[in-house]
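A.B. asks: Below is a structure I'd like to ask you about.
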């Protein structure tokens, strides 16, 4: 193995905009690689800026600072080859670029050919399309470069280029965000590319949370036969050194348990959102229901029980059972629970409104929302006073149909379950209890019937169809863009119910627009992934 | 003038998604045109769907419904030529299309060549780029077609096409949103195009409000010499019939008074947001300050005083003067004013929090925000009870630096002043008072010093630099993307102040992200026009 190359895939966690810190992290990795006699070290797409930098890219000073960092990085490449992603301006054009430095000199640059501009991606807003390919030789190995989307696209020109300029190895640097089953899809795409082009592939992906997006890492080495030779950790940093040529060995597999990866994504999402925004502690309204329990469980794993401050905020409509279950939860998960009864404040509001304005009117949704908003006020006051991050506990099913109160339970810096349908919330709870048997979510919370407890004997099922039906409709309408008739054909659920749910989803865009960011987990998440008008006269029938 | 063509520019107000209503409106216009012996009637870009339809375009059923409408429209073109904009799918590709129907038959289709994907635009998310040009002959006049952005771009291929296929007239159908000075810029662009290509131009633009965007209409007829022959109304529907060939005559000019157009844009924005979302009445928190006064004035013109319900919600920190000025305002503008003291509710919150949790702690921003949020709760309860649209009164200066309370005064379905810097708020107040001398904003409101009145003797100037400085920095940083050094060079304002403001703008993205939509007026509005990450480590120095 004398002629082996040692190649490091530096799958690291960067923060958008934090150019100096990102650069230091890159330089530290290069130094460690040199110590370990690594020949080539590669970093993910746009890692100096973080991904996605959004409109920071329009700021000339931002681009200038990246250029300075790039020089610092180039200077650190004594006796090593470095492949690194960053935005790069050429005259008036900005490119999504991979630079290759060898021994402190620029070997060449590749500009991304395929700019994704769908789903969560807006790359055509910022970047010009590259229209050339790039390969180089290092220590007798011919290596081609591509960036993320380039390897997802069946590009005949690139195929021809690789044929005319035979390379042994393709290094693809990526910032490919997580969604459920994405890892399998990614393997399939990269594996097909390798086979079709008869080229080994090192796929180096970003890891970390950035607002709505989670990058899962899961970098891979795949042989020219399409075989998975190595897979890096998911949801975790890793500087993995690979010996090249690739040789088969016992490997980490692509996990088939989606719940496991969903839970890990949520944990990383909460941790990175909190820490990257300078919060170490979170505050959560604890109702005794399943959603706040699962948000607590995720936060427990992400930040530790001592960094969670839970609050029960009951009125007379909240059962004793709810408070008891909240207490059991805080005991099991070892976080502090405060109790603040909002009854007096609620009464004061009611007496003010009913003394004149609402006199002789019936109670309705206004009074229900009011309770939720009084809770939000107290939680935000505590958040402001102690600088804790308020987590909103709403799930995707609720937010889709507007079964949540804007400025009430929708309040918070982050809504970890925003992209988690209610039925999946339950599955996560059960998964968590198996994995953390010493810090269980009380069975009573999992088994009770969901209720907002905003009026006497209220149940979610009073206003909504069973969650298993709601979630089916939600999935087919939002993720698969099916029409009402198509949903009916697929599910046989009563058409009036389908119509009602679809209407509610459309009508409640205004609430979601003012809700907190969530963590994208499904194929189509509310947020930058799904961009609907608020003012919208379309009827799906 | 026997051989004259009569051409109608139908500058109409459509609603996104409301395909059936939009189609009826189009058909009605065609029928009226036929009665008036119009030869050609043209409608704005994407008028069947409304603009911008956003992710509705991904819905296949939506596209199908548009195709049905298109057939209905085609059927109505007996003895008339109709140029109409709509999304159009060809196999898997969607185009931003202009169809020309003559006498119930399709004459041809043009697919937009230049898809804007910057600022508020996302057309590359949805559409494929057209790569052919289109012209047709009708009643011996050769007419070319283009769509919006096509006429803003210096396209040599199109120039060559027009040379090789000499047309007398170009019809450009547009959905070009308003911003200050845009009308002049638009005239310059279209006029230059006409001169360069020696072609007459009819420029038919959309009118109406759609979420953050206002389309101002201002359709134009411009001669091949670049001369403005006719200008349609701004901010108002018009079916203007032009005789072709164009002949000079006394015309409506492009207005030089920007305040006038800004005010009209805000009025149209409030009216269309309310009505298109099925609200006839608005509710506004009236503080006795300038912002709520200007929002009332805009609403008065948009919806009438009888459709405004104002509320004063004082605590002991609000001066008697504030309440008196609020009353004067409601008298002058003839809207109803309710008064709800929040002192007791505030006291109840404080006693709950200080009984234990906050014991021995100092009052700070938490208590200030709390007052603002108690107000929001009451306003939202009233909004929920009576189905009034809550308008948020915050201005661009406040929202930029986070001098506003999330879930407090940031609450509302729409924030009319979101894109209006404080100094411009004052200019609008003065403009309004001149224009509506019988319904004046009280001078006392315009002349008093701004204060949030959330603690004793508070003034905005305690925490912020003078608004004239703040607004300069805001403009140069947000609209012109200047760095701190460049702003210093341009303004000579103390660098520490510039740095502080820029930091605050960056840091408060999380608040704006959960704020209501506003009405875009400046060159760069917070919202879909300016897309910054929440998690953002970039420092502009």
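The values are calculated or read from the model by the stated rules, or taken from the named source; none is laboratory data. It should be emphasised that the depicted structure is a prediction, and the values quoted were computed from it without experimental measurement. Counting neighbours? That spans all protein chains shown, and the Cβs are built from the backbone with ideal geometry, glycine included.
A.B. asks: With respect to residue A:295, determine if the residue is touching a helix residue (DSSP H, G or I) at 6+ places or on another chain (Cβ under 6 Å) and either within 23 Å of residue A:441 (Cβ to Cβ) or within 14 Å of chain B (Cβ to nearest Cβ) (or both).
C.D. replies: Details: touching a helix residue (DSSP H, G or I) at 6+ places or on another chain (Cβ under 6 Å): no; either within 23 Å of residue A:441 (Cβ to Cβ) or within 14 Å of chain B (Cβ to nearest Cβ) (or both): yes.
So residue A:295 does not fit the description; no.
A.B. asks: Assess whether residue B:373 counts as being closer than 24 Å to residue B:473 by Cα and in contact with a helix residue (DSSP H, G or I) (Cβ under 9 Å, 6 or more places away or on another chain).
C.D. replies: Working: closer than 24 Å to residue B:473 by Cα: no; in contact with a helix residue (DSSP H, G or I) (Cβ under 9 Å, 6 or more places away or on another chain): yes.
No, not satisfied.
A.B. asks: Okay, next question. Please go through the range B:94-127 and pick out each residue that is over 29 Å from residue B:78 (Cβ atoms) and away from chain A (no Cβ under 14 Å). Lay out the reasoning, then the answer.
C.D. replies: Kept after step one, since they are over 29 Å from residue B:78 (Cβ atoms), are these residues of the range B:94-127: B:94, B:113-127.
B:113, the sole residue that qualifies.
A.B. asks: Tell me whether the range A:327-345 contains one or more residues that are farther than 16 Å from residue A:287 by Cβ, at the interface with another protein chain (Cβ under 10 Å from one of its Cβ atoms) and either loosely packed, with under 14 Cβ neighbours inside 10 Å or over 34 Å from the mean Cα position of the chain (by Cα) (or both).
C.D. replies: yes
A.B. asks: Can you find a residue that is over 23 Å from residue B:268 (Cα atoms) and part of a helix (DSSP H, G or I) anywhere in the range B:10-25?
C.D. replies: Going residue by residue through the range B:10-25, those that are over 23 Å from residue B:268 (Cα atoms) are none.
No, the range B:10-25 contains no residue that is over 23 Å from residue B:268 (Cα atoms) and part of a helix (DSSP H, G or I).
A.B. asks: Take the conditions closer than 28 Å to residue B:124 by Cβ and touching a helix residue (DSSP H, G or I) at 6+ places or on another chain (Cβ under 7 Å) and apply them to residue A:188. Does it pass?
C.D. replies: Details: closer than 28 Å to residue B:124 by Cβ: yes; touching a helix residue (DSSP H, G or I) at 6+ places or on another chain (Cβ under 7 Å): no.
So residue A:188 fails the test.
A.B. asks: Any chance you could count how many residues in the range A:366-402 are within 20 Å of residue A:299 (Cα to Cα), within 7 Å of chain B (Cβ to nearest Cβ) and buried (at least 23 other Cβ atoms within 10 Å of the Cβ)?
C.D. replies: 2
A.B. asks: Let me ask another. Using the structure shown, decide if residue B:74 is touching a strand residue (DSSP E or B) at 6+ places or on another chain (Cβ under 8 Å) and either touching a residue at least 12 places away in the same chain (Cβ under 8 Å) or surrounded by fewer than 16 Cβ atoms within 10 Å (Cβ to Cβ) (or both).
C.D. replies: Working: touching a strand residue (DSSP E or B) at 6+ places or on another chain (Cβ under 8 Å): yes; either touching a residue at least 12 places away in the same chain (Cβ under 8 Å) or surrounded by fewer than 16 Cβ atoms within 10 Å (Cβ to Cβ) (or both): yes.
Yes: the conditions hold for residue B:74.
One line per residue, one yes/no per condition, for (1) over 22 Å from residue B:333 (Cβ atoms); (2) assigned by TED's automatic domain parsing to the domain that holds residue B:309; (3) surrounded by fewer than 20 Cβ atoms within 10 Å (Cβ to Cβ):
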site: B:424; (1), (2), (3): no, yes, no
site: B:445; (1), (2), (3): no, yes, no
site: B:449; (1), (2), (3): yes, yes, yes
site: B:466; (1), (2), (3): yes, no, yes
site: B:477; (1), (2), (3): yes, no, no
site: B:494; (1), (2), (3): yes, no, yes
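A.B. asks: If you check B:8, B:42, B:47, B:33, which single one turns out to be modelled with pLDDT of 95 or more, within 14 Å of chain A (Cβ to nearest Cβ) and closer than 16 Å to residue B:238 by Cα? Give the derivation first.
C.D. replies: Values: B:8 fails: within 14 Å of chain A (Cβ to nearest Cβ); B:42 fails: within 14 Å of chain A (Cβ to nearest Cβ); B:33 fails: within 14 Å of chain A (Cβ to nearest Cβ).
Every option except B:47 fails the conditions.
A.B. asks: Then there is this: Restricting attention to the range A:511-526, which residues are touching a residue at least 60 places away in the same chain (Cβ under 8 Å) and out of contact with any strand residue (DSSP E or B) (no Cβ under 9 Å at 6 or more places or on another chain)? Please lay out each step first, then the result.
C.D. replies: Narrowing the range A:511-526 to residues touching a residue at least 60 places away in the same chain (Cβ under 8 Å): A:511-512, A:514-526.
Passing the criteria: A:511, A:514, A:522, A:523.
A.B. asks: How many residues does the range B:81-106 hold that are within 31 Å of the chain's Cα centre (by Cα) and closer than 14 Å to residue B:60 by Cβ?
C.D. replies: To start, the set of residues in the range B:81-106 that are within 31 Å of the chain's Cα centre (by Cα) comprises B:82-89, B:93-100.
Now narrow it down to the ones that are closer than 14 Å to residue B:60 by Cβ: B:87-89, B:93-94.
Total satisfying the criteria: 5.
A.B. asks: I'm trying to understand the selection: among the residues of the range B:26-38, which are buried (at least 20 other Cβ atoms within 10 Å of the Cβ) and part of a loop (DSSP other than H, G, I, E, B)?
C.D. replies: Selection gives B:38 alone.
A.B. asks: Within the bounds of the range B:157-172, is there any residue that is touching a helix residue (DSSP H, G or I) at 6+ places or on another chain (Cβ under 7 Å), crowded, with 24+ Cβ neighbours inside 10 Å and in contact (Cβ under 8 Å) with a residue 12 or more places away in the chain?
C.D. replies: Yes, that holds for at least one residue.
A.B. asks: Looking only at the range B:440-482, how many residues end up being in contact (Cβ under 8 Å) with a residue 60 or more places away in the chain and outside any helix (DSSP H, G or I)?
C.D. replies: Residues that pass the stated criteria total 13.
A.B. asks: Now a separate question. Just wondering, is there one or more residues in the range B:42-53 that are buried (at least 20 other Cβ atoms within 10 Å of the Cβ), touching a residue at least 60 places away in the same chain (Cβ under 8 Å) and in a strand (DSSP E or B)?
C.D. replies: Yes, that holds for at least one residue.
A.B. asks: Suppose the filter is surrounded by fewer than 23 Cβ atoms within 10 Å (Cβ to Cβ), under 30 Å from residue B:527 (Cα atoms) and either in contact with a helix residue (DSSP H, G or I) (Cβ under 6 Å, 6 or more places away or on another chain) or within 14 Å of chain B (Cβ to nearest Cβ) (or both); does residue A:22 pass it?
C.D. replies: For residue A:22, the condition - surrounded by fewer than 23 Cβ atoms within 10 Å (Cβ to Cβ), under 30 Å from residue B:527 (Cα atoms) and either in contact with a helix residue (DSSP H, G or I) (Cβ under 6 Å, 6 or more places away or on another chain) or within 14 Å of chain B (Cβ to nearest Cβ) (or both) - is not met.
A.B. asks: Go through the range A:80-91 and count every residue that is within 14 Å of chain B (Cβ to nearest Cβ) and surrounded by fewer than 20 Cβ atoms within 10 Å (Cβ to Cβ).
C.D. replies: Going through the range A:80-91 one residue at a time, the tally reaches 1.
A.B. asks: Still on this model: Could you tell me which residue of the range B:257-292 is surrounded by the most Cβ atoms within 10 Å (Cβ to Cβ), considering only residues that are within 14 Å of chain A (Cβ to nearest Cβ) and out of contact with any strand residue (DSSP E or B) (no Cβ under 8 Å at 6 or more places or on another chain)?
C.D. replies: B:275
A.B. asks: Is it true that some residue in the range B:59-80 is within 22 Å of the chain's Cα centre (by Cα) and modelled with pLDDT of 95 or more? Steps first, answer last, please.
C.D. replies: At the first step, the residues of the range B:59-80 found to be within 22 Å of the chain's Cα centre (by Cα) are none.
Looking through the range B:59-80, none of the residues is within 22 Å of the chain's Cα centre (by Cα) and modelled with pLDDT of 95 or more.
A.B. asks: Looking at A:288, A:226, can you tell me which residue is assigned to a loop (DSSP other than H, G, I, E, B), in the same structural domain as residue A:415 (by TED's automatic domain parsing) and touching a helix residue (DSSP H, G or I) at 6+ places or on another chain (Cβ under 6 Å)? Break it down stepwise before answering.
C.D. replies: On the way: A:226 fails: in the same structural domain as residue A:415 (by TED's automatic domain parsing).
Only one candidate qualifies: A:288.
A.B. asks: Return the residues of the range B:483-540 that are more than 30 Å from residue B:298 (Cβ to Cβ), more than 12 Å from chain A (Cβ to nearest Cβ) and part of a loop (DSSP other than H, G, I, E, B); say none if nothing qualifies.
C.D. replies: Across the range B:483-540, the qualifying residues are B:492, B:493, B:494.
A.B. asks: I'd like the full set of residues that are closer than 30 Å to residue A:271 by Cβ and either crowded, with 16+ Cβ neighbours inside 10 Å or at pLDDT 95 or above (or both), limited to the range A:242-253. Write out each step before concluding.
C.D. replies: We begin by selecting, within the range A:242-253, every residue closer than 30 Å to residue A:271 by Cβ; these are A:242, A:251-253.
Passing the criteria: only A:242.
A.B. asks: Given the criteria surrounded by fewer than 24 Cβ atoms within 10 Å (Cβ to Cβ), assigned to a strand (DSSP E or B) and either within 14 Å of chain B (Cβ to nearest Cβ) or in contact with a strand residue (DSSP E or B) (Cβ under 6 Å, 6 or more places away or on another chain) (or both), does residue A:57 qualify?
C.D. replies: Working: surrounded by fewer than 24 Cβ atoms within 10 Å (Cβ to Cβ): yes; assigned to a strand (DSSP E or B): no; either within 14 Å of chain B (Cβ to nearest Cβ) or in contact with a strand residue (DSSP E or B) (Cβ under 6 Å, 6 or more places away or on another chain) (or both): yes.
Answer is no for this residue.
A.B. asks: Looking only at the range A:69-79, count how many residues are part of a helix (DSSP H, G or I) and either more than 13 Å from every other protein chain (Cβ to nearest Cβ) or farther than 27 Å from residue B:478 by Cβ (or both). Steps first, please.
C.D. replies: Just the residues of the range A:69-79 that are part of a helix (DSSP H, G or I), to begin with: A:69-75.
From what's left, either more than 13 Å from every other protein chain (Cβ to nearest Cβ) or farther than 27 Å from residue B:478 by Cβ (or both): A:70-75.
The total comes to 6.
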